[in-house]
1. Return yes or no: is R67 among the charged types (D, E, K, R) and free of Cβ contacts under 8 Å to residues at least 40 places away in the same chain?
2. Being assigned to a strand (DSSP E or B), of a type outside the set (D, E, K, R) and in the same structural domain as L170 (by TED's automatic domain parsing), is that true of even one residue in region 303-323?
3. Being of a type in the set (V, I, T), part of a loop (DSSP other than H, G, I, E, B) and modelled with pLDDT of 95 or more is the filter here, so list the residues in region 246-301 that pass it.
4. Within the set of pairs 6+ apart or on separate chains, which have a first residue in region 109-137 that is more than 22 Å from E65 (Cβ to Cβ) and modelled with pLDDT under 90, a second that is β-branched (V, I, T) and surrounded by fewer than 18 Cβ atoms within 10 Å (Cβ to Cβ), and C-beta atoms under 9 Å apart?
5. Pick from T73, T38: which is closer than 29 Å to E227 by Cβ, in a strand (DSSP E or B) and either modelled with pLDDT under 95 or not aliphatic (A, V, I, L, M) (or both)?
6. So, in region 239-262, how many residues would count as being hydroxyl-bearing (S, T, Y) and under 11 Å from the mean Cα position of the chain (by Cα)?
7. Quick check on region 174-181. Is at least one of its residues assigned to a strand (DSSP E or B), over 24 Å from P304 (Cβ atoms), modelled with pLDDT of 95 or more and among the acidic types (D, E)?
8. Answer yes or no: is there a residue in region 199-208 that is surrounded by fewer than 23 Cβ atoms within 10 Å (Cβ to Cβ), hydrophobic (A, V, I, L, M, F, W, C), at pLDDT 95 or above and not in a loop (DSSP other than H, G, I, E, B).
Amino acid sequence: MTAPLPLPRLRLIRPTTVEAAVAARVECPQHEVLAGGTDLLVNLRRGLLAPPALIDITGIAELDEVRTTADRTRIGALVRLDRLAEDPAIASRHAALREAAVAVAAPGHRRLATVGGNLCLQTRCIYVNQSAWWRAAHGACLKSGGEVCHVAPEGARCHAAFSGDVAPALIALDAEIEIAGPAGRRRVACADLYHEEGRAHLRLDSGEIVTAIEVPTSIAHSGYLKERIRRSFDFPLAGVAIACRTEGAELSALRIAVTGTNSRPLLIEGTDALLGRRIDESVLAAAEKLVARQVRPMRTTLFPANHRRSVAAALARRLLGALGAPDAAAGRGHAGGTA
């Protein structure tokens, strides 16, 4: 294999306010936002991106804060993942978020990577996340400037998969994303930040950046599990987050979100049909079936699509069973466990 390309010469813009960062994006929408850089710099070296400048937002103090109130937690987009993994308040209020942060890559990555960066992670595919010479030899795809998706040549859209760990946890926890742009700030449900298109999976208007996450504390139990090829640091073949609440022994709230299978993190529909029931074998089987029917993995990794579908469904069954057990806090095991 050849070495990655050296980083291209780039202009660096260093705003100290959100407004200045937005202005830089408005000036040139092709500028890329730099936070931790764990995804962006790799893509630059592979020649997947060629922005005229990088907007380094690490000097914006308000984006690096965690604030808690009685009913919610506000997390700035620049908060590092290792901070989320080690914060006792996050662990006690939002276990799925803490477990998702722990599951991201390796410790060195988590010390640099930010929650906003993980939410805005680029979609991935074996046909595009390669060296420049490999892409040139194989032929460009839709995501790299070509006219065909090598995964589904007969289709008109890119099937590159979203593989971030934090997004499904925040979707399951019913979090909102704060976005700043030329028209001011707005909030959207985390699930609504994305849509099903691998080339442009983020629903951000021109000039907009993610600034913060607001997580309510109304869900009682939550968790995150992922499966990957290399357990030490890899992207998920599939990852599942669940948040639920029980009254007595019966489910009163249930949200399931999946990553690694579609071009967006997916909120599973139909879970309301399981409310009012005990978490028994029939409910676990029903949850497993809901996931298996709704995820749409394609040939974007080295593993077959059907395997990834089965893994996602099995993770959902395992995690819901663990959350419904009397010792739910202790019985789940490592967040990166196998299916």
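1. Details: among the charged types (D, E, K, R): yes; free of Cβ contacts under 8 Å to residues at least 40 places away in the same chain: yes.
Answer is yes for this residue.
2. Quick first cut of region 303-323, residues assigned to a strand (DSSP E or B) only: none.
No, region 303-323 contains no residue that is assigned to a strand (DSSP E or B), of a type outside the set (D, E, K, R) and in the same structural domain as L170 (by TED's automatic domain parsing).
3. Applying the first criterion (of a type in the set (V, I, T)) to region 246-301 yields 246, 256, 258-259, 261, 268, 271, 279, 283, 291, 295, 300-301.
When the remaining residues are screened for being part of a loop (DSSP other than H, G, I, E, B), the result is 261, 268, 279, 295, 300-301.
Listed by number, the residues that qualify are T261, I268, I279, V295.
4. As it stands, the answer is S131/T2; A132/T2; W133/T2; W134/T2, since those pairs meet every condition given.
5. Working: T38 fails: in a strand (DSSP E or B).
Being closer than 29 Å to E227 by Cβ, in a strand (DSSP E or B) and either modelled with pLDDT under 95 or not aliphatic (A, V, I, L, M) (or both) holds for just one of T73, T38, which is T73.
6. In the first step, residues of region 239-262 are kept if they are hydroxyl-bearing (S, T, Y); the result is 246, 252, 259, 261.
Filter once more, keeping what is under 11 Å from the mean Cα position of the chain (by Cα): 259.
Final tally of qualifying residues: 1.
7. Pass one, region 174-181, residues assigned to a strand (DSSP E or B): 176-181.
Imposing the further condition that a residue be over 24 Å from P304 (Cβ atoms) reduces the set to 176-181.
Okay, now just the ones that are also modelled with pLDDT of 95 or more, so 176-181.
Those left that are additionally among the acidic types (D, E): 176, 178.
Yes, region 174-181 has at least one match.
8. Yes: one or more hits.
The values are calculated or read from the model by the stated rules, or taken from the named source; none is laboratory data. This one's a predicted model, so the numbers in the text were calculated from it and none came from an experiment. For neighbour counting, all protein chains shown are included, and Cβ atoms are generated from backbone atoms with ideal geometry for every residue, glycine included.
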